[in-house]
Amino acid sequence: MLRSLVGSEMCIRDRAVRAFIAQVRQLAPDAAQATAAQLARVATLLEALGQRRDLFSSEAFAVVPGRPTSIYRLAEDIDGGYALYLSLGDPGKAQPPHDHTTWAIIAGVNGNERNEVYARASTQDPLRDTLTHVRRVDVGPGGSIVLGTGDVHTIEPVSYTHLRAHETPEH
């Protein structure tokens, strides 16, 4: 019975993900040129998808034992337009400062992920760039953060599951 429930959940989730990506394409037809206003609307859609906890059960998605994080690809355009991932993390899986080389929207499904966002002052040597703290954003269920191509952030999870939508870096 569990197998059929997970299979049914997968079909419902696949339809919901396809519908989300179709809506994103309508709101931001050119992923590489998406505006802040378009991304804010996409964030609202992603928050709503994240509220559908029935689509992201622990039976279908779990952190792999012995690894602090697991990432599941839910959708990715062949042409490099849009991608959607589900990421799960255990407590203590902090990430050092990084950017995504493209815009990214992170919306909470459960738990909490603390994002510290920094401005980068570039130098001739990228290894010597300086970071200045700009803001803190806690992403939990119903919340999100929109990161631009140049935004640098760290994450400090308690325990979380989140969705991440973005333009694929190869695009």
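Given the structure, is Arg52 of a type in the set (D, E, K, R) and either within 17 Å of the chain's Cα centre (by Cα) or at pLDDT 95 or above (or both)?
yes
Tell me, which strands (runs of 3 or more DSSP E) lie completely within region 29-113 with 3 or more residues that are under 17 Å from Ser144 (Cβ atoms) and in contact (Cβ under 8 Å) with a residue 60 or more places away in the chain?
Per the criteria, 82-89.
Being over 30 Å from Arg128 (Cα atoms) and more than 13 Å from the chain's Cα centre (by Cα) is the requirement here; does Arg73 meet it?
Here the answer is no, as Arg73 does not meet what is asked.
Please name all residue pairs, on different chains or six or more residues apart, with Cβ atoms under 6 Å, provided the first residue is in region 116-132 and is in a strand (DSSP E or B) and the second residue is among the aromatic types (Phe, Trp, Tyr).
What qualifies is Leu131/Tyr118.
Test Gly108 against the criterion of being surrounded by fewer than 15 Cβ atoms within 10 Å (Cβ to Cβ) and modelled with pLDDT of 90 or more, and give yes or no.
Criteria not met by Gly108.
If you take the residues of region 1-38 that are of a type in the set (Lys, Arg) and open to solvent by 40 Å² or more (accessible area, probe 1.4 Å), which of them is modelled with the lowest pLDDT?
Arg3
When you check His100 against the structure, is it at pLDDT below 85 and either buried (at least 17 other Cβ atoms within 10 Å of the Cβ) or more than 28 Å from Gly66 (Cα to Cα) (or both), yes or no?
So His100 fits the description; yes.
Out of Arg67, Arg128, Arg120, Arg136, I need the residue that is at pLDDT 90 or above, open to solvent by 60 Å² or more (accessible area, probe 1.4 Å) and either under 28 Å from Gln33 (Cβ atoms) or over 16 Å from the mean Cα position of the chain (by Cα) (or both). Which one?
The match here is Arg136.
The values are calculated or read from the model by the stated rules, or taken from the named source; none is laboratory data. Values in this document were obtained by computation on a predicted structure and should not be read as measured data. With ideal geometry, Cβ positions are generated from the backbone for all residues, glycine too; neighbour counts draw on all protein chains shown. Only protein heavy atoms, including side chains, enter the accessible area calculation; ligands, DNA and RNA are left aside. Shrake-Rupley method; radii C 1.70, N 1.55, O 1.52, S 1.80 Å.
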